[in-house]
Amino acid sequence: MTGIRRTVLLLSLTVAVVVGGLGPAHPAQASFSKTVTAASTQLATATVAPPTDVTGSLTCGKSSATMAATWTASTSARVSGYLVTVRFSDGFVQNVQMGAGATSWSDSISLYQATAHAIQYSVTTQTTYGWTTESAPTGWFSC
């Protein structure tokens, strides 16, 4: 008898689900509206000033040459250093890290390298908060 009851119960539930699914459906609907004016907010971003008056040079001797760059320090707050970038005409790039108080850099180079490739300089301001700005590049120098 329990088998018959289970069958009848299962059949009743199946019919209820099918009939309920075919009946009219009334989804819940709601509508809300409210207008709020937000307060105006102004955001300002700091800019990092690049070094100015970047001047490069290449002094050629009989057996070696000297590369050099000078610049006027950045006016930005919290400068942590300067990155001197030396670009060679063959695509090679050399970066030299300088301290926050530096305004010049020089290094010797073989006369062969100085005559084989033109050289260009730029200087990047680095800050303690991670922002940087690169100066305009100088002209090209060669022996």
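At a glance:
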quantity: The stretch 127-135 - phi-based ³J(HN,Hα) in whole Hz, Karplus 6.51/-1.76/1.60, Gly and Pro as x; calculated: 10, 5, 9, x, 8, 9, 8, 9, 6
quantity: Selection from Phe141, Val36, Thr52, by position along the positive dipole direction of the stretch 31-143 (Cβ); calculated: Val36
quantity: J(HN,Hα) series, the stretch 137-143, from Karplus relation 6.51 cos²θ - 1.76 cosθ + 1.60, nearest Hz, glycine and proline x; calculated: x, 6, x, 8, 10, 7, 8
quantity: Label point distance in nm, Thr133-Ser106, each placed 7 Å from Cα along Cα→Cβ; calculated: 2.9 nm
quantity: Debye-sum result for the stretch 51-143 in log10 I(q)/I(0), which assumes one identical scatterer on each alpha carbon, at q = 0.13, 0.14, 0.15 Å⁻¹; calculated: -0.42, -0.48, -0.54
quantity: Protection proxy ranking, peptides 90-101, 72-83, average beta carbon neighbours within 10 Å, highest first; calculated: 72-83, 90-101
quantity: Protein-only accessible surface order, largest first, of Val123, Val36 at 1.4 Å; calculated: Val36, Val123
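The values are calculated or read from the model by the stated rules, or taken from the named source; none is laboratory data. All of these numbers come straight from a predicted model, not from anything done at the bench. No Cβ is skipped: glycine too gets one built from the backbone with ideal geometry, and neighbour counts run over all protein chains shown. Areas reflect the complete protein model, heavy atoms only, side chains present, ligands, DNA and RNA absent. Shrake-Rupley method; radii C 1.70, N 1.55, O 1.52, S 1.80 Å.
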